[in-house]
Each structure stands twice: as structure tokens, then as C-alpha cells.
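Peer 1: I am attaching a structure below and will ask some questions about it afterwards.
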Amino acid sequence: MSDRVCVPDFIRKKRQGERIAVLTAYDATMARLFDRAGVDALLVGDSVGMVALGYASTIPVTLDTMVHHTAAVARGTERALVVADMPFMTFQVGVEDAMRNAARLVQEAGAAAVKVEGAGRVLEVVHRLTEAGVPVMGHLGLLPQSVHRVGGYRTQATTAREQEALVSDAVALEQAGAFAIVLEHIPEDVAGTVTRRVAVPTIGIGAGADCDGQVLVGPDMLGLFDRVPPFVKRYAQLSATVTGAARSYVADVRSGAFPPVRTREKVPSA
Ligand code: KIV
């Protein structure tokens, strides 16, 4: 039997109190390294737009871009569950449209599940995809695709009314069939309440320790950026390592130390 992580494992882990570790990845090389480390899932986030493609938000990320990066991650992964983000306006326009778009991520790119932001009208999409056999991860709290509406990347669900709405959205997502729910940038106690109210695992990012699992943006936790959100723990400082290695290479090329000079073989005389 394959030891690939599958959707039922997520529910089982929650029931058994086993915490779930998720990282984002965008290419086959990093996916292979994270997979070897034993992560439960690799999320091909639309954060690819910000951390790999140089955009200021996730809004410009297209479905073609997500298919391209998800396929790379799927090729580099042997064990982890590969979850692909549905980018901006690929699931909000209509259910049929969302189904066709999700099909590309699963059929063409090799994702095992998709992630969608929000609740409300999105619940019908979650229901229909799940019914069609496509597992869906929900996403509540800070929704980066709604950055223009909320006016920035700050903590969400800060008032009692917003907190109540978030808890009922989580329950509605579970009822619609979501197999897990990402909770981004919300107060710890609200994440704790949601975690206790739903039977599916909550995966927190900037939502405290009471979630059933955690997700971090891979390049953030590897220390590839000078500035990261305050809740990120950097497990390495790769920006200094990479710049240092490139600096040594530049110096070696300029000084002639690389490549090493070969001693010329003597040409035998005729
Ligand atoms: O796009 C992404 O990387 C995400 C995570 C931050 C959860 O949605």
C-alpha cells in the first residue's frame, strides 16, 4: 500500500490529536526537499505571485501559472498531499467555471486537492467539487485575494460580530464538504473556537497554537526574505547563504580561481 498522505489521513490525524505540518512550495526541487523532510501536505499557494514572481499581491496570478507550478511540485513529490490554490476569479464567477478550472489543476497538473478562499457563494463551489470527487481545503480569516476590499494584510476577525461570522463560515465550509480549513491571521482564541467547533482539521498561519496544524510559506521559513510577517519562525537564513555563495563565485571568476587551470597534456611528437 502507498504511504502517500491522503485526505482521510487529515481527518484521522485530527481525531488522534496528531498535528499536521504543511509548507508551501512552487517548484520540483523545493518540493522534493520538503517532501523528504516529511511534511504532510505541500500547498502550491497563489503566494507564488509574491514570493517567486515578484508581484505585489496574489491578484495577478492566473490559472495557467498555477497549473505550471502545481505540475512542477507534483513531479517533485512522492509522499505529501499536493494541494493547489485556485487563483483570483477562477472560482468566484460561477460553479461550472470553477469546476472546469479545478479539473485542470487535478487532471493536468496532478494536484490531489484544491484550496479556495472564503465562504458565502463559494460554499456551493465547495459542495459541487467535493461531490465530483475533488477534495477542497477552505481558507478563512485574512484572504489575500480580497486585499483591495480589506485594505491590507492585517489581523482579521477582531470584533465580536466578525468572530461569530468566521465561526459560522467555518461550520458552513465543513458542512459543504471541505476536508480542512486554513485560518490566516486571526486571534488565537478565535482559531481555538473554530478548531473545537469543526471535525475537520484547522491549519493555522498566524492563528496561534490551538489549530490542528500549521502552514508556513516555504521561502519565509527558509529565511529567503529580509521582511516576513511577525508570526513567521525562520528555520534558516538562506538569503545570506545564497548571496555569500554567489559573491564567492563572482570573486573566483574574476580572479581566475574558477575554473581551475588544467595542466596541458603534452601532445606526443610525430
Ligand atoms: O497562497 C498561500 O501561500 C496561502 C497560504 C498562506 C495559506 O494561501
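The values are calculated or read from the model by the stated rules, or taken from the named source; none is laboratory data. Source: prediction; values computed, not measured. Virtual Cβ from ideal backbone geometry, glycine too; neighbours counted across all protein chains shown.
Peer 1: May I ask you to list the residues in the stretch 150-189 that are among the aliphatic types (A, V, I, L, M) and either at pLDDT below 95 or over 20 Å from residue 123 (Cβ atoms) (or both)?
Peer 2: Answer for the stretch 150-189, where residues must be among the aliphatic types (A, V, I, L, M) and either at pLDDT below 95 or over 20 Å from residue 123 (Cβ atoms) (or both): 150, 160.
Peer 1: Does residue 160 count as over 15 Å from residue 10 (Cβ atoms) and among the aliphatic types (A, V, I, L, M)?
Peer 2: Taking the combined requirement at face value, the residue satisfies it.
Peer 1: State whether one or more residues within the stretch 95-116 are small (Gly, Ala, Ser) and at positive phi.
Peer 2: Yes - at least one qualifying residue is present in the stretch 95-116.
Peer 1: Also, quick follow-up: Regarding the stretch 145-156, can at least one residue be identified that is within 11 Å of the ligand (Cβ to nearest atom), surrounded by 21 or more Cβ atoms within 10 Å (Cβ to Cβ) and within 14 Å of residue 115 (Cα to Cα)?
Peer 2: yes
Peer 1: Inside the stretch 210-226, can you point out the residues that are outside any helix (DSSP H, G or I) and over 18 Å from residue 167 (Cβ atoms)?
Peer 2: Within the stretch 210-226, 213, 214, 215, 216, 217, 222, 223, 224, 225, 226 meet the criteria.
Peer 1: Oh, and also: Restricting the search to the stretch 13-55, which residues are charged (D, E, K, R) and within 15 Å of the ligand (Cβ to nearest atom)?
Peer 2: 27, 40, 46
Peer 1: So, one more: If we scan the stretch 160-168, do we find a residue that is under 30 Å from residue 97 (Cα atoms) and touching a strand residue (DSSP E or B) at 6+ places or on another chain (Cβ under 8 Å)?
Peer 2: yes
Peer 1: Give me the residue from the stretch 18-39 that is small (Gly, Ala, Ser) and either within 13 Å of the chain's Cα centre (by Cα) or at pLDDT below 95 (or both) and, out of that set, surrounded by the most Cβ atoms within 10 Å (Cβ to Cβ).
Peer 2: 25
Peer 1: Could you please let me know if residue 90 is among the hydroxyl-bearing types (Ser, Thr, Tyr), under 24 Å from residue 3 (Cα atoms) and at pLDDT 95 or above?
Peer 2: no
So that you can scan it fast, the table gives a plain yes or no per residue for (1) crowded, with 17+ Cβ neighbours inside 10 Å; (2) under 15 Å from residue 47 (Cβ atoms); (3) away from the ligand (no atom under 11 Å from the Cβ):
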position	(1), (2), (3)
187	yes, no, yes
191	yes, no, yes
218	yes, yes, no
223	yes, no, yes
227	no, yes, yes
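Peer 1: Being touching a Leu at 6+ places or on another chain (Cβ under 8 Å), modelled with pLDDT of 95 or more, hydroxyl-bearing (Ser, Thr, Tyr) and within 14 Å of the ligand (Cβ to nearest atom) is true for just one of 70, 58, 77. Which residue is that?
Peer 2: 70
Peer 1: Could I ask something else about it? Which residues, taken from the stretch 198-210, are without any contact (Cβ under 8 Å) to a residue 60 or more places away in the chain, crowded, with 23+ Cβ neighbours inside 10 Å and more than 19 Å from residue 154 (Cα to Cα)?
Peer 2: 202
Peer 1: Restricting the search to the stretch 132-155, which residues are among the β-branched types (Val, Ile, Thr), under 21 Å from residue 97 (Cα atoms) and in a loop (DSSP other than H, G, I, E, B)?
Peer 2: 134 - this is the single residue of the stretch 132-155 that is among the β-branched types (Val, Ile, Thr), under 21 Å from residue 97 (Cα atoms) and in a loop (DSSP other than H, G, I, E, B).
Peer 1: Only one of 129, 105 is within 16 Å of the ligand (Cβ to nearest atom) and either assigned to a helix (DSSP H, G or I) or in contact (Cβ under 8 Å) with a residue 60 or more places away in the chain (or both). Can you tell me which?
Peer 2: Every option except 105 fails the conditions.
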